[in-house]
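Down below is the structure, laid out as structure tokens.
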Amino acid sequence: MFEIVFLGTSASAPSIRRGLPSAVVLYNEHRFMIDCGEGTQRQLLQSGLGFKRLDKILLTHGHLDHILGLAGLLSTLMRWETLEEFQIYGGRAALERVEDLIYKIVLRDAKPPAKLHFNDVKPGQLFGDKSFELTAFPVTHRGSGNFGYLFREKSHRPFLADKAEALGVPFGPERKRLVAGQPIELADGRVVQPDEVLGDLIEGAALAVVGDAARVDNLVEAVRGVDALVIESTYCAVEAELAQAYGHLTATQAAQLAREADVKQLILTHLSRRYPEREVLAEARAIFPETLVARDFDHYRIQKDKTAQRVIVAPAEEEFNVHA
């Protein structure tokens, strides 16, 4: 299961209710911030997430409304010396702009107290462990080096402890080897095969996040079958020509992508102040009914073959209560 918290959902400029683009994806002990618009660190505090374990930022592209918050955020994190290393991922053009922002404006001649790593993103795997992987895929927008990100849990076969117990498999390395797909020999000479103690294959959840985009035909395969797709919806179809001129999507285009790619849930973000939220939602739902419009501080759980669940975060207990 992945979780995503939206910190800013406005396009280009903030509004009274929407901050500039940013979101945090949570998975086990990992936190990945995606983009960091101006004012993001205050949104982090207001969301209840805070700065804990925040050491990885994924940039969709290098436009200012998606990166200007990095200056303040990194200044705060480095001043508090709360982390030793910080990873920034993005296309070359985005990284160059961020490096200028940090080294020429924030630090000048000062030495950063944390080691900064600038990772030039290429299509393919960026990060992973035994339970999930993070990959990048190219996105068409204005300029070069624009990327979307796919979070995917690895498929697994659950270990059936009751069957292992019935077969006399002891606790310890023997069970670990069976989980790894290796047969074991018991003390009495019996051989236990992995199939005897492993359940049916369970596919993991998948979450795709796309920033600004000018077209969707080249995204279909990249996001096919995901349990949730987060993508921009800056314009409505009535201004499709304007959307094309500025390299953005309409709600119609986003919904058509979700339908063609067999996405389970569509979550729209990067909304313009020129449209009421209900207009954007109605346009998309006419094509793809399983559509939501994200608001600042919305928190969703993404699970396999389930629609996204909006949750309320109670920071003190770190508990989640589902509501409609």
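The values are calculated or read from the model by the stated rules, or taken from the named source; none is laboratory data. These figures come from a predicted structure and were not determined experimentally. Note: ideal-geometry Cβ built from the backbone for every residue, glycine included; neighbour counts use all protein chains shown.
Which numbered condition in (1) touching a residue at least 12 places away in the same chain (Cβ under 8 Å); (2) over 21 Å from the mean Cα position of the chain (by Cα) is the only one that Val25 fails? With respect to (1) touching a residue at least 12 places away in the same chain (Cβ under 8 Å); (2) over 21 Å from the mean Cα position of the chain (by Cα), Val25 is out only on (2). Of the candidates Phe297, Phe288, the single residue that is under 23 Å from the mean Cα position of the chain (by Cα), part of a loop (DSSP other than H, G, I, E, B) and either outside the structural domain of Gly148 (by TED's automatic domain parsing) or closer than 30 Å to Leu45 by Cα (or both) is Phe297. When restricted to residues that are surrounded by fewer than 16 Cβ atoms within 10 Å (Cβ to Cβ) and in contact with a helix residue (DSSP H, G or I) (Cβ under 8 Å, 6 or more places away or on another chain), the stretch 191-208 contains 1. Residues in the stretch 220-266 that are within 19 Å of Arg285 (Cβ to Cβ) and among the hydroxyl-bearing types (Ser, Thr, Tyr): Ser233, Thr234, Tyr235, Thr250, Thr252. Scanning the stretch 60-81 for residues that are in contact with a Leu (Cβ under 9 Å, 6 or more places away or on another chain) and β-branched (Val, Ile, Thr) gives a single hit, Ile67.
Residue by residue, here is whether (1) in contact with a strand residue (DSSP E or B) (Cβ under 6 Å, 6 or more places away or on another chain); (2) aromatic (Phe, Trp, Tyr); (3) surrounded by 16 or more Cβ atoms within 10 Å (Cβ to Cβ) holds:
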position	(1), (2), (3)
Ala243	yes, no, yes
Gln253	no, no, yes
Gln256	no, no, yes
Ala261	no, no, yes
Gln265	yes, no, yes
Pro276	no, no, no
Glu279	no, no, no
Pro289	no, no, no
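If you go through the stretch 151-171 and pick out every residue that is out of contact with any Lys or Arg (no Cβ under 9 Å at 6 or more places or on another chain), modelled with pLDDT of 90 or more and exposed (fewer than 13 other Cβ atoms within 10 Å of the Cβ), you end up with 5. Has the stretch 103-119 got any residue that is loosely packed, with under 14 Cβ neighbours inside 10 Å, in contact with a helix residue (DSSP H, G or I) (Cβ under 7 Å, 6 or more places away or on another chain) and within 30 Å of Glu221 (Cβ to Cβ)? Looking through the stretch 103-119, none of the residues is loosely packed, with under 14 Cβ neighbours inside 10 Å, in contact with a helix residue (DSSP H, G or I) (Cβ under 7 Å, 6 or more places away or on another chain) and within 30 Å of Glu221 (Cβ to Cβ). Which one of these is within 30 Å of Glu279 (Cβ to Cβ), surrounded by fewer than 16 Cβ atoms within 10 Å (Cβ to Cβ) and touching a residue at least 24 places away in the same chain (Cβ under 8 Å): Gly211, Gly148, Gly143? Result of the check over Gly211, Gly148, Gly143: Gly143. Residues in the stretch 53-64 that are within 18 Å of the chain's Cα centre (by Cα) and of a type outside the set (Ser, Thr, Tyr): Arg53, Leu54, Asp55, Lys56, Ile57, Leu58, Leu59, His61, Gly62.
When restricted to residues that are charged (D, E, K, R), modelled with pLDDT of 90 or more and either surrounded by fewer than 16 Cβ atoms within 10 Å (Cβ to Cβ) or farther than 24 Å from Ser15 by Cα (or both), the stretch 43-88 contains 2. Taking the listed residues Val210, Val216, Val263, Val226, the one that is of a type in the set (Val, Ile, Thr), modelled with pLDDT of 90 or more and farther than 21 Å from Met1 by Cα is Val216, with no other qualifying. When the stretch 121-140 is filtered for residues that are modelled with pLDDT of 95 or more and surrounded by fewer than 13 Cβ atoms within 10 Å (Cβ to Cβ), the ones remaining, listed by number, are Pro123, Gly124, Gln125. Taking the criterion of being within 20 Å of Gly8 (Cβ to Cβ), aliphatic (A, V, I, L, M) and either part of a helix (DSSP H, G or I) or not assigned by TED's automatic domain parsing to the domain that holds Tyr300 (or both), the residues of the stretch 244-283 that qualify are Ala251, Ala254, Val280, Leu281.
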